[in-house]
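Asker: Below you will find the structure I want to go over with you.
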Amino acid sequence: MLHDLAVRRDRDEWIVGRMATRTFVALPEAGARAVELLGGGLSVARTARTLRDETGEEFEITDFVRDLAALGFVARIGDRAVPDGEPPRASWPWLRPRHVRFALHPALAAVVAVLLVSAVVALVRRPALLPGYRDLLWSPHGSLVLLSGAAAGWALLFAHELAHLVTARAAGVPGKMRLGTRLQFLVMQTDISGIELAPRRHRLTAYLAGIALNLSVASSLVLVLTVTDSGTTAHRLLSAGLLLALMPLPFQLMVFTRTDLYFVLQDLTGCRNLYGDGRAYARYARRRAVRAVRAVRALRPVREERGMREVREVSPERTTPAPGMTDPSTLLPPHERRAVRLYSVVLVAGTVLCLAFMALVTLPADITLLVRAVRGLGPGHGLARSADSAAVLITLGGVNVLWGVTRWRDRRSRGPAATP
């Protein structure tokens with residue numbers, strides 16, 4: 001007997017999963033039919049006979065059931081109950097789908113669109129409302145700017161992830177919010193595993209809910225700025241808030257860090273694991289390039305001693321691929337194969353650029369600020385300088401410590417064999 005499983009057709013496969021454990025797999029037609037028969041109470045032998053009668057092919061249903069049991073899909077085998085693990089905890093379990101059903105209503109999307117269009121019209125009519133980096137420096141006290149910016153930024157980040165959680169919960173998906181890391185970035189992320197079983201409109205709404213929240217906040221602030229006197233503290237604060245609401249949006253274009261737009265891209269391309277398959281193909285391409293360079297170096301003495309004619313007679317078709325040199329993308333369907341190969345280029349290029357920027361810009365800047373803050377402490381400096389230095393240490397140092405702790409926790413939870 002199987003647990004209560006949810007099923008949805010997706011292209012030529014079926015998505016089958018158990019919402020209680022947030023475990024989901026893609027199965028071919030025969031696998032989905034086997035799940036249906038087993039879930040209906042048929043025995044393994046009778047399921048195998050039914051599939052043979054329907055398809056004319058033999059299936060190893062016993063092995064299939066073992067795989068289902070490993071996934072936690074099997075409730076009982078005969079009279080013996082299969083041990084079940086502890087289900088993942090959800091954030092705010094008291095929040096029920098009926099409480100947030102409005103999040104999936106088309107009218108809400110229309111409200112966001114109206115806000116955005118109104119803000120764009122206001123900016124076209126009054127370009128001076130467009131904020132610049134100086135708007136972030138709304139106070140002459142650096143510590144006040146830093147602390148208020150950090151507080152507003154984290155509040156917006158929380159609201160962004162809450163939008164994902166609420167939208168997923170409206171679709172019946174539990175969801176869990178937590179801190180995580182993406183390369184050198186400390187992020188808040190929401191696990192909405194199970195949204196794969198929802199209709200496409202609901203899936204895309206859940207993926208884009210955070211971006212919609214940021215755009216709605218930014219649009220609302222633009223409209224408020226139109227009726228606020230320029231030069232006032234309120235105007236400067238609103239402009240700073242507008243910038244803080246817009247600043248996370250360019251980050252969403254960094255799909256190589258699995259941002260919101262990455263999941264939209266994965267859904268639209270029909271890929272099951274665009275990031276994982278892209279990494280596997282990138283590793284294969286790297287090994288292949290290294291092997292090609294080594295082969296060229298090995299042929300150099302031959303070129304010098306025998307001449308070009310004999311070197312060109314070496315045919316690649318006669319060589320046997322080394323272990324690990326099989327293209328992993330060839331195991332994927334054609335539409336996934338193309339997407340994975342293109343994504344692997346973006347993945348490698350984006351990761352290299354991000355890490356280079358961290359090494360050349362971010363890390364030196366952070367170290368300089370922290371060193372200055374440490375030197376600014378002590379009895380030899382005034383109260384204002386000491387307070388400013390303490391604010392920098394608490395804000396900047398705290399974020400870096402939190403990133404390190406979160407990174408260590410994530411690597412430990414994935415196990416020692418996991419790679420970043």
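Asker: Between residue 95 and residue 384, 0.36 nm times their residue separation minus their Cα-Cα distance comes to what?
Answerer: 99.5 nm
Asker: While we're looking at this one, here's another question. How many angstrom lie between the Cα centre of the stretch 379-414 and the Cα centre of the stretch 82-132?
Answerer: Taking the Cα centre of each part, the stretch 379-414 and the stretch 82-132 sit 31 Å apart.
Asker: With a ≥ b ≥ c taken as the square roots of the eigenvalues of the C-alpha gyration tensor of the stretch 6-81, please select rounded if a/c is under 1.5 and otherwise prolate if a/b is larger than b/c or oblate if it is not?
Answerer: Because a/c hits 1.5 or more and a/b fails to exceed b/c, the stretch 6-81 counts as oblate.
Asker: Here is a further query. Name the residues whose placed amide hydrogens come within less than 5 Å of the amide hydrogen of residue 14, ignoring near sequence neighbours (fewer than 5 apart) on the same chain.
Answerer: Under 5 Å from the amide H of residue 14: 27.
Asker: Measure nothing fancy, just the Cα-based angle from helix 274-306's long axis to the longest principal axis of the chain, in degrees from 0 to 90, nearest 10.
Answerer: 80
Asker: Take the Cα coordinates of the stretch 91-238, assign each an equal point scatterer, and use the Debye formula without solvent to give log10 I(q)/I(0) at q = 0.11, 0.19 Å⁻¹.
Answerer: Values returned for q = 0.11, 0.19 Å⁻¹ are -0.54, -1.16.
Asker: If you don't mind, another one. Using only Cα atoms and rounding to the nearest 10 degrees, what angle (0 to 90) does helix 233-246 make with the longest principal axis of the chain?
Answerer: Long axis of 233-246 versus the principal axis of the chain: about 20 degrees.
Asker: Next question. Between beta-carbons, use under 11 Å as the cut-off and find the net charge around residue 93, counting Lys and Arg +1, Asp and Glu -1.
Answerer: After counting each charged neighbour, the total is +4.
Asker: Moving on. For the chain, go through all pairs of different Cα atoms, get the mean of 1/r, take its inverse, and jot down that Kirkwood value in Å.
Answerer: This gives a value of 26.1 Å.
Asker: Helix 383-392: angle to the longest alpha-carbon principal axis of the chain, degrees 0 to 90, nearest 10?
Answerer: The two axes meet at around 10 degrees.
Asker: Please give me, ordered by residue number, the trypsin sites (Lys or Arg not before Pro) of the stretch 76-175 that lie in loop per DSSP and have at most 16 other Cβ atoms within 10 Å.
Answerer: Here the trypsin sites (Lys or Arg not before Pro) that fit, given the DSSP loop and packing criteria, are 89.
Asker: When Lys and Arg each count +1 and Asp and Glu each count -1, what net charge do the other residues less than 12 Å away from residue 32, Cβ to Cβ, add up to?
Answerer: That sum, taken over residues with Cβ under 12 Å, equals -2.
Asker: Just to check I understand the Karplus step: with θ = phi - 60° and J = 6.51 cos²θ - 1.76 cosθ + 1.60, what whole-Hz values come out for the stretch 145-150, glycine and proline as x?
Answerer: Result, rounded to whole Hz: 4, 5, 5, 5, x, 5.
Asker: If each of residue 77 and residue 46 carries a label point 7 Å out from its Cα toward its Cβ, how far apart are those two points in nm?
Answerer: 2.0
Read-outs: derived from the displayed coordinates by stated rules, not from any lab. None of the values given here were measured: they were computed from a predicted structure. Counting neighbours? That spans all protein chains shown, and the Cβs are built from the backbone with ideal geometry, glycine included.
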